[in-house]
């Protein structure tokens, strides 16, 4: 099943999680059990009373909800630890690239990379 697009909405993290969970007919208790946190935490997080969880649990949520984990992390104002490691290796290089690259150029570059292996 394809990943849902989280880019096209303006919902807050918790609202998005709740909406998507309900669209997939996943109950609160079942979802919380799969994520490994309490149902009370999920409920309060969905109501924006608690902050989003740690990266590991957001990635679990993304898998359960069939959404891209990087987009869900972004909705929580977080970035994947593997991306942080890559950037920290050469911060000046990646910062300059990210500031100057246009989305269409990045998309073309990625398409070329995927084509060439």
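Bear in mind these aren't lab numbers, they're just calculated from the coordinates by the rules spelled out. Everything numeric here is computed off the predicted structure, so don't read it as measured data. Don't worry about glycine lacking a Cβ; one is built from the backbone with ideal geometry, like all the others, and counts go over all protein chains shown.
When the chain is fully extended, how far beyond the present Cα-Cα distance does residue 83 get from residue 63, taking 0.36 nm per residue of separation?
Value of the extension gain: 5.4 nm.
Grab every C-alpha pair in the chain, bin the distances at 5 angstrom width from 0 up to the longest one, and report whole percents.
Bin by bin from 0 Å, the calculated values are 2, 10, 17, 20, 17, 12, 9, 8, 4, 0.
At 222 nm, what value in deg cm²/dmol follows for the chain if DSSP H runs of at least 4 each add -39500 (n - 2.57) and the sum is divided by all its residues, to the nearest 500?
Details: 8 runs with 77 residues, N = 117.
Calculated from helices alone, the mean residue ellipticity at 222 nm is -19000 deg cm²/dmol.
At 7 Å along the Cα-to-beta-carbon direction for both residue 50 and residue 10, put a label point, then send me their distance in nm to one decimal.
Once both label points are built, they end up 2.8 nm from each other.
Taking the chain as the reference, fit the longest principal axis to its C-alpha atoms, fit the long axis of helix 91-100 to the helix C-alpha atoms, and give the angle between the two in degrees, 0 to 90, nearest 10.
Helix 91-100 sits roughly 90 degrees off the main axis of the chain.
Out of 66, 54, 90, any idea which swings most in a Gaussian network model of the chain, alpha carbons joined below 10 Å?
Answer for the Gaussian network model of the chain: 90.
Write down Rg/Rh for the range 13-79, rounded to two decimals, with Rg from the C-alpha atoms and Rh from the Kirkwood relation over Cα pairs. Mind dumping the intermediate values first?
Values: Rg = 10.3 Å, Rh = 11.4 Å.
Using only Cα positions, Rg/Rh for the range 13-79 is 0.90.
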